[in-house]
1. For a quick check: sort 52, 76 by the number of other beta carbons within 10 angstrom, fewest at the front.
2. Quick one: which residues, 5 or more positions from residue 115 or on another chain, have an amide H under 5 Å from its amide H? H modelled 1.01 Å from N in the peptide plane, none for Pro or chain starts.
3. Pairs of Cα atoms under 8 Å, at least six residues apart: use those to get the relative contact order of segment 34-212, whole percent.
4. Per residue of segment 44-61, in order, report the coupling 6.51 cos²θ - 1.76 cosθ + 1.60 (Karplus, θ = phi - 60°) as ³J(HN,Hα) in whole Hz, putting x for Gly and Pro.
5. Could you list the GluC sites (Glu not before Pro) in segment 106-203 that lie in coil according to DSSP, counting only those with at most 11 other Cβ atoms within 10 Å of their Cβ?
6. How much length is gained if the chain between residue 170 and residue 188 is pulled fully straight, taking 0.36 nm per residue apart and subtracting their Cα-Cα distance, in nm to one decimal?
7. Take the cross-link list 37/121; 59/170; 155/193 and give me the ones stretching past 29 Å between alpha-carbons.
8. Please list 3J(HN,Hα) in residue order for segment 80-92, calculated via the Karplus relation 6.51 cos²θ - 1.76 cosθ + 1.60 where θ = phi - 60°; whole Hz, with x for glycine and proline.
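Laboratory data are not the source of any read-out in this text; all were calculated from the coordinates shown. Quick caveat, the model's predicted, so the values are computed rather than measured. All Cβ positions, glycine included, derive from the backbone under ideal geometry; neighbour counts span all protein chains shown.
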Amino acid sequence: MINNSTYRLYGRTKGRKNKNVNEKFLQIKLKNIDNKKYNIIDVGSGFGESTVKLAKQDKNKIVICCDKYIDGLNNVFKKSQIDSLENIYIFQGNVHKMLDECCKENSISEVWILFPDPWPKKRHYKRRLIDQNFFTKIKKYLKYGATINLATDSKSYIFQILRTIYNVKKDFAWLNQSKSEWDYDSEILPETKYYKKALKNGLNPFYIKLKKL
């Protein structure tokens with residue numbers, strides 16, 4: 001039996017100003033993921049810039065937006081309506097819970113985790129999503145050759161991720177190992193709110209792409 005604390009999420013659920021919830025959108029139930037389709041999970045999708053861009057690139061691919069932030073999910077809904085995107089699904093909550101409840105083994109083709117909360121204080125490092133336990137769990141849900149795309153502007157988080165990659169190298173290959181490929185190219189990658197914030201603060205976001213072996 002899984003303890004509810006396993007799925008605990010930190011941080012805000014709603015913005016301070018916008019208290020309205022699009023009930024129709026949030027009540028959409030994500031069905032079990034069909035492993036015959038090309039499924040993309042956008043974890044911690046924020047205001048949905050990445051979800052929408054991925055969905056527009058290929059409407060035959062399913063993009064699953066996984067987040068707890070209601071304002072961001074509402075923004076995804078608005079943009080999906082404007083652009084007539086029917087290949088976006090949502091899961092409001094913890095990605096670990098989504099994997100346990102909705103995913104079959106070998107069902108995920110891509111994972112995107114862009115600018116996850118860095119929890120900069122050392123006492124909060126345990127709240128960070130990307131660690132060896134995360135890779136150990138998610139690997140069984142990934143198809144052979146599935147990719148994981150990571151980006152952060154936190155130096156301490158970068159070091160943690162690099163240590164983790166080394167520890168899981170038998171299961172995952174680091175594809176963009178050359179220094180010239182580490183920069184976050186907004187012409188190719190989603191230009192999110194947090195990417196813009198990083199640039200405004202003079203930070204250079206670090207991008208990593210992995211492949212399941």
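1. Sorted ascending by nearby Cβ count, the order is 52, 76.
2. The answer is 151, 152.
3. After rounding, I find 23 percent.
4. Karplus values, whole Hz, x for Gly and Pro: x, 6, x, 8, x, 4, 5, 4, 5, 4, 5, 5, 6, 5, 7, 6, 8, 9.
5. In loop regions of segment 106-203 (DSSP not H, G, I, E or B), the sparsely surrounded GluC sites (Glu not before Pro) are 187.
6. Gain in length upon complete extension: 3.6 nm.
7. 37/121; 59/170
8. Values per residue, Gly and Pro as x: 5, 6, 4, 9, 6, 9, 9, 9, 9, 10, 10, 9, 8 Hz.
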